[in-house]
Amino acid sequence: MTPITSALTVLLALVPPTPGWFWNQPHCDKVYGDGSVTITRTDGQVLAPTTGTLQAVTYAKVAALQEPNTLISIGKRSIQRSSDAGCSWQLLDKAPDDLSTYDVQPGPGDSAYIYSVNDQPIHRVHGAQVTTVLGPVEWNGLAALDARAGRLRVVSTNGQIYDSTDDGVSWQRVGVPAAADLFLYDAVVDPRNPDHIVIGVMSDGVYVTYDGGRSWTRSRAVERVNAFSLAISPVDPSKVWLEGYDSNRSTRFIWQSDDGGLKFREVLDQSRADLINGNHMWASPVDPDLLYFSYGTSFANYGADLYRFVPSTGELTKRHNRNDGIPSLAFNPANPRILYLGLAEER
């Protein structure tokens with residue numbers, strides 16, 4: 001071993017790789033797959049064509065894994081994998097039930113977890129193998145799932161947090177719900193601190209915990225809000241975004257928190273963008289002042305819009321396409337300007 005090689009080996013051992021260290025950008029102009037996932041390098045202005053045509057009724061979700069150049073997608077009853085940065089897709093497994101209400105969350109290495117806000121089973125992806133376990137509460141779905149080495153943490157739709165140290169085979173209750181008789185629309189777990197969790201609930205706005213659910217604080221300025229969607233910045237988790245309906249003013253807004261979810265302020269209202277009961281939102285992994293969100297519908301053959309929003313300046317751009325929606329977005333770890341879009345087909 002040369003001195004240079006030896007020094008590089010020591011450096012790599014001391015300094016953990018940053019996200020995207022071993023990822024590549026996709027080197028393809030066309031996506032070889034069933035049409036459920038595409039690639040855009042222009043914030044949605046131009047979508048890479050796909051060899052397949054997306055079939056109704058499908059709401060595709062996609063996630064980029066820690067494993068280099070590996071993504072997992074779900075659509076209808078299929079679980080698919082790409083090992084070449086999203087250029088081609090192969091079927092991993094067929095699910096017994098419709099996956100329309102499911103989401104996919106990356107875990108450590110080549111793992112991913114597929115879960116639903118309306119259903120109990122959790123489908124576990126480890127490499128090319130898919131297995132299924134039950135969630136912690138019978139007849140109860142999950143608003144969020146956080147997967148780290150040696151532990152899964154989930155937030156049930158009644159607001160209770162559960163942990164598993166055996167990959168979802170058994171579950172332990174953690175803390176208490178934020179309040180009695182809650183119904184969660186959404187929840188986000190801080191990617192840097194799993195004890196920091198923000199939940200959005202029906203009618204009563206937002207609650208936040210910094211101690212893993214042992215105590216909760218009701219967020220200010222959104223107490224009378226249906227809190228449909230949440231996003232948290234991976235690069236600065238003090239930034240949290242909320243999309244919801246203010247029942248006092250009969251108007252939908254996107255709110256921003258600068259203190260991890262304790263207080264919110266309005267940054268966008270429905271006069272500037274098509275806000276509905278639950279726009280999907282995605283925070284940039286490198287810019288704490290950048291948020292993407294989508295709108296789409298098959299009504300009157302409208303199509304789908306991908307919005308790019310800079311809250312500090314109010315800058316808002318919209319790119320339209322002919323699909324019925326964009327229910328999912330993932331960032332390429334090597335170049336976060338490259339986006340993977342999970343598409344919807346309703347007709």
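Listed values, structure above:
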{"quantity": "Accessible area of ASP190 in the full protein assembly, 1.4 Å probe (Å², nearest 10)", "calculated": "10 Å²"}
{"quantity": "Within-14-Å neighbourhood charge of TYR185 [Cβ basis; K, R +1; D, E -1]", "calculated": "-3"}
{"quantity": "Surface share of carbon and sulfur [accessible, 1.4 angstrom probe, percent] for the chain", "calculated": "51 percent"}
{"quantity": "Pairs beyond 24 Å (Cα-Cα), from LYS61/LYS263; LYS61/LYS94; LYS94/LYS318", "calculated": "LYS61/LYS263; LYS94/LYS318"}
{"quantity": "Label corresponding to Rg and Dmax of the Cα atoms in Å when calculated from the structure given, among [x] 22.1, 82; [y] 19.8, 70; [z] 21.8, 71", "calculated": "[y]"}
{"quantity": "Part-to-part distance (alpha-carbon centres) for the stretch 35-74 and the stretch 211-247, which is given in Å", "calculated": "28 Å"}
{"quantity": "Charge sum, other residues only, whose C-beta stays under 10 Å from THR53's C-beta, Lys/Arg counted +1 and Asp/Glu -1", "calculated": "-2"}
{"quantity": "Candidates SER247, SER170, SER271, ranked by Gaussian network fluctuation over the chain, Cα under 10 Å, top entry", "calculated": "SER271"}
{"quantity": "CD proxy at 222 nm, helix term only [per DSSP H run n ≥ 4: -39500 (n - 2.57); per residue of the chain; nearest 500]", "calculated": "-1000 deg cm²/dmol"}
{"quantity": "Between the stretch 147-170 and the stretch 99-115, the alpha-carbon center distance in angstrom", "calculated": "13 Å"}
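The values are calculated or read from the model by the stated rules, or taken from the named source; none is laboratory data. Everything quoted here is computed from the prediction, not taken from an experiment. Positions of Cβ are backbone-derived with ideal geometry, glycine not excepted, and every protein chain shown enters the neighbour counts. Heavy atoms of the whole protein, side chains included, go into the accessibility calculation; ligands, DNA and RNA do not. Shrake-Rupley method; radii C 1.70, N 1.55, O 1.52, S 1.80 Å.
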